[in-house]
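Peer 1: One structure coming up, written as structure tokens, with questions to follow.
The values are calculated or read from the model by the stated rules, or taken from the named source; none is laboratory data. Treat the numbers as computed from the prediction; the structure is a model and nothing was measured. All Cβ positions, glycine included, derive from the backbone under ideal geometry; neighbour counts span all protein chains shown.
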Amino acid sequence: MASIAVLGLITAGVLNYMKIGPFSDKGDPVSFGQDQAAGSGGQAGGANGPQNPDSKVLMPTGPAADFKNASTLDNGTHVAVTTLEGKKSGFTGKVWVWAPKEYKDPKFKDSGFPVLIALPGGPGFPANYWMDDNLKLESSISKWYSEGKSKPFILAMPVLNPHPDTGGLYWDGSDIPGQPKMGTWLTEDVPDLMKANFRTIKSRDGWAFMGSSSGGFSGLKAVLKHPDQFKAVIASGPDIVPDSPLWKGHEKEKAENNPEVLAKQLIAANKPGQDVYLAFQYGTLESSVIPPVDKFIATYGNKGPIHTRLQVIQGGRHNAKTYVEGMGAGSIQWISEQMAGPVSP
């Protein structure tokens, strides 16, 4: 009987580890304290709670999203998913979110946290591969924070495209005329979701992108196009110019979403408070990526409000594992040094 009991315990442990059967918490509701009331200053959180206009912290504005657990990390934190109906883009899609354990630490209960919007490459639909901690993004952020290398970022991980890339279609993270407004989805609807459900930072100092390949392009373009909203990006193995076949017949709009054009305009405007920090990454085995990235940095890097850094990953290929390695080698620390958080009221 004892051996049967032991076998039962082992089986239970395996099932729990695999997140299957009755021991799985996948699909369970997840709360990030959206209904929390702050302990000082009359800054109640929750749906449309009163805000302190003098605070650097934006308490959750509501309404609370319906988050379901997608996975549980070893440290007890959750990657959760919700279906977001984008009020500004009109697009409905999935967004995965994760908050570090520090987010629920009592000493940070009134603090606003920085947000990193993480974009995938490839199809970018129906999933965002950064939500899978097999790539170690979430656990690495916790590790890097403990080592003093990183801010304790909250992650937002939306779908990048509205459909699979059947026939080679992709949307360049942009509002292409006649197409779903994926640019508005990424730069307005997804941030609005995070503001509704988390304690965030009011200023652009708490908002950044990271992405790989086409997601790197989309994050780079978003920061250059909206320097009043976003301060930094880690662009890994990125495309540099928009090249979706869906731009055909829309050259004006295509130019308005071209990082080279946007960088030139930003340098010419040179507005106070709109400095941006562009952390590029590529592996030494990415032969097609290296020349356009090097050219962009040589042309626009460290000129006026544009600050650039390049992380070269020896032996690195065009894949997410390579880019997490590069982040740990320097990119995450560099952008963290430019950003704020956790921020007290």
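Peer 1: Return the residues of segment 267-288 that are crowded, with 23+ Cβ neighbours inside 10 Å and more than 12 Å from K221 (Cα to Cα); say none if nothing qualifies.
Peer 2: Selection gives A279, F280, Q281, Y282, G283.
One line per residue, one yes/no per condition, for (1) of a type outside the set (S, T, N, Q); (2) at positive phi; (3) crowded, with 19+ Cβ neighbours inside 10 Å:
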position	(1), (2), (3)
P177	yes, no, no
P180	yes, no, yes
W185	yes, no, yes
D189	yes, no, yes
D192	yes, no, no
K202	yes, no, no
W207	yes, no, yes
S214	no, no, yes
L220	yes, no, yes
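Peer 1: Could you grab the pairs with beta carbons closer than 6 Å, sequence gap of 6+ or different chains, first residue in segment 158-173 and closer than 19 Å to E253 by Cβ and without any contact (Cβ under 8 Å) to a residue 24 or more places away in the chain, second one of a type outside the set (A, V, I, L, M) and not in a helix (DSSP H, G or I)?
Peer 2: Within 6 Å, no pair qualifies.
Peer 1: Checking A127 against (1) surrounded by 21 or more Cβ atoms within 10 Å (Cβ to Cβ); (2) of a type in the set (A, V, I, L, M); (3) within 20 Å of F217 (Cβ to Cβ), which single condition isn't satisfied?
Peer 2: The number of the failed condition is (1).
Peer 1: For segment 219-236, what are the residues that are outside any strand (DSSP E or B) and over 11 Å from the mean Cα position of the chain (by Cα)?
Peer 2: The initial filter retains those residues of segment 219-236 that are outside any strand (DSSP E or B), namely 219-231.
Within segment 219-236, L220, K221, A222, V223, L224, K225, H226, P227, D228, Q229, F230, K231 meet the criteria.
Peer 1: For segment 255-266, give me the residue count where each residue is without any contact (Cβ under 8 Å) to a residue 60 or more places away in the chain and either crowded, with 23+ Cβ neighbours inside 10 Å or under 28 Å from A329 (Cβ atoms) (or both).
Peer 2: So in segment 255-266, the residues without any contact (Cβ under 8 Å) to a residue 60 or more places away in the chain come out as 255-256, 258-266.
With the extra rule that they be either crowded, with 23+ Cβ neighbours inside 10 Å or under 28 Å from A329 (Cβ atoms) (or both), the set shrinks to 259-260, 262-263, 266.
The total comes to 5.
Peer 1: Does Q333 satisfy the criteria of being closer than 30 Å to P164 by Cβ, crowded, with 17+ Cβ neighbours inside 10 Å and touching a helix residue (DSSP H, G or I) at 6+ places or on another chain (Cβ under 9 Å)?
Peer 2: Values: closer than 30 Å to P164 by Cβ: no; crowded, with 17+ Cβ neighbours inside 10 Å: yes; touching a helix residue (DSSP H, G or I) at 6+ places or on another chain (Cβ under 9 Å): yes.
No; evaluated as a whole, the condition is false for this residue.
Peer 1: Which of the numbered conditions does Y170 fail, given that it passes all the others? Conditions: (1) more than 24 Å from R204 (Cα to Cα); (2) in contact with a helix residue (DSSP H, G or I) (Cβ under 9 Å, 6 or more places away or on another chain); (3) surrounded by fewer than 19 Cβ atoms within 10 Å (Cβ to Cβ).
Peer 2: For Y170, the exception is condition (3).
Peer 1: Please specify each residue of segment 218-277 satisfying the condition of being hydroxyl-bearing (S, T, Y) and farther than 13 Å from T187 by Cβ. It would help to see each step written out before you state the result.
Peer 2: Here is the first cut: in segment 218-277, the ones hydroxyl-bearing (S, T, Y) are 218, 236, 244, 277.
Correct list: S236, S244, Y277.
Peer 1: From the list A268, A255, A222, which one is closer than 30 Å to A80 by Cα and among the aliphatic types (A, V, I, L, M)? Before the answer, list the steps.
Peer 2: On the way: A268 fails: closer than 30 Å to A80 by Cα; A255 fails: closer than 30 Å to A80 by Cα.
From the options A268, A255, A222, the qualifying one is A222.
Peer 1: Could you say which residue among I306, I240, I313 is surrounded by 15 or more Cβ atoms within 10 Å (Cβ to Cβ), within 30 Å of P342 (Cα to Cα), out of contact with any Ser or Thr (no Cβ under 9 Å at 6 or more places or on another chain) and among the hydrophobic types (A, V, I, L, M, F, W, C)?
Peer 2: Values: I240 fails: within 30 Å of P342 (Cα to Cα); I313 fails: out of contact with any Ser or Thr (no Cβ under 9 Å at 6 or more places or on another chain).
Testing whether each residue is surrounded by 15 or more Cβ atoms within 10 Å (Cβ to Cβ), within 30 Å of P342 (Cα to Cα), out of contact with any Ser or Thr (no Cβ under 9 Å at 6 or more places or on another chain) and among the hydrophobic types (A, V, I, L, M, F, W, C) leaves just I306.
Peer 1: Can I ask one more? With respect to the numbered conditions (1) in contact with a strand residue (DSSP E or B) (Cβ under 7 Å, 6 or more places away or on another chain); (2) farther than 30 Å from K143 by Cβ; (3) modelled with pLDDT under 95, which one is the sole condition not fulfilled by G341?
Peer 2: Failing condition for G341: (2).
Peer 1: If you don't mind, another one. Determine the pairs where a residue that is assigned to a helix (DSSP H, G or I), located within segment 176-198, has a partner that is of a type in the set (D, E, K, R) with Cβ atoms under 6 Å apart, the partner being 6 or more residues away or on another chain.
Peer 2: G183/D175; T184/K88; T184/D175; E188/K88; D189/K88
Peer 1: Could you run through segment 230-285 and say how many residues are aliphatic (A, V, I, L, M) and in contact with a strand residue (DSSP E or B) (Cβ under 8 Å, 6 or more places away or on another chain)? Talk me through it step by step, then tell me what you get.
Peer 2: Of segment 230-285, the ones aliphatic (A, V, I, L, M) are 232-235, 240-241, 246, 255, 261-263, 266-269, 276, 278-279, 285.
Subsequent filtering for residues that are in contact with a strand residue (DSSP E or B) (Cβ under 8 Å, 6 or more places away or on another chain) retains 232-235, 263, 266-267, 276, 278-279.
Total satisfying the criteria: 10.
Quick grid of which residues meet (1) among the small types (G, A, S); (2) over 18 Å from the mean Cα position of the chain (by Cα):
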{"site": "S71", "(1), (2)": "yes, no"}
{"site": "K101", "(1), (2)": "no, no"}
{"site": "P106", "(1), (2)": "no, yes"}
{"site": "A118", "(1), (2)": "yes, no"}
